[in-house]
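Inspection log for the structure reproduced underneath, given as structure tokens.
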Amino acid sequence: MAAHIHAENMKLYAQDAAETDKPWERWECCNVYREGWLELCTPPDWTAANYRRKPRTHTVNWFEVPGPMWEMPNYGTKVFIAYPIDYRFFMAACFYGEEIDRMWLKRGLVHATKEAAIANAKAMIGVAP
């Protein structure tokens, strides 16, 4: 027997429901009739094409920007480091768990996307992302 198409997300949603009485506020959905992700304002009915937790954000110098990676990526994963002293505002790297990698991760500089790293680096110097 095959699992429900949204079974994994249902587990994550249940975790959120154990922490808050409005877990849908942490979720978005996307269906075939609209482009982009929409915030949920009621509990999901699990009929949309896709569901996901809202991307985590944080505030840097009063700018809300994408949150960094806090869990150690898999060995060799390509990551992007918020790097405000570079003209591109980021540095691409492969994460190998070395001391420098762990330091960047601990300081909240490691991001899964180039765009997130750039937004964070710009916010660090007070430039709107």
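The values are calculated or read from the model by the stated rules, or taken from the named source; none is laboratory data. Since we're looking at a predicted model, the values are computed, not measured. Virtual Cβ from ideal backbone geometry, glycine too; neighbours counted across all protein chains shown.
Computed quantities for the displayed model
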item	result
Qualifying residue in segment 9-18 (condition: among the aromatic types (Phe, Trp, Tyr) and outside any helix (DSSP H, G or I))	no
Scan of segment 39-79 for residues that are buried (at least 17 other Cβ atoms within 10 Å of the Cβ) and over 19 Å from ALA128 (Cα atoms), ordered by number	LEU40, PRO44, ALA48, TYR51, MET69, PRO73, VAL79
Members of segment 83-117 found to be out of contact with any Asp or Glu (no Cβ under 8 Å at 6 or more places or on another chain) and closer than 14 Å to HIS58 by Cα, listed by number	ARG107, GLY108, LEU109, HIS111, ALA116, ALA117
Filtered residue count, segment 20-35, keeping only those that are over 19 Å from the mean Cα position of the chain (by Cα) and assigned to a helix (DSSP H, G or I)	0
Filter result (in contact (Cβ under 8 Å) with a residue 40 or more places away in the chain and over 30 Å from MET124 (Cα atoms)) within segment 47-62	TYR51
Residue under evaluation ALA82, criteria (1) touching a Leu at 6+ places or on another chain (Cβ under 8 Å); (2) at pLDDT below 95; (3) buried (at least 16 other Cβ atoms within 10 Å of the Cβ), criterion not met	(2)
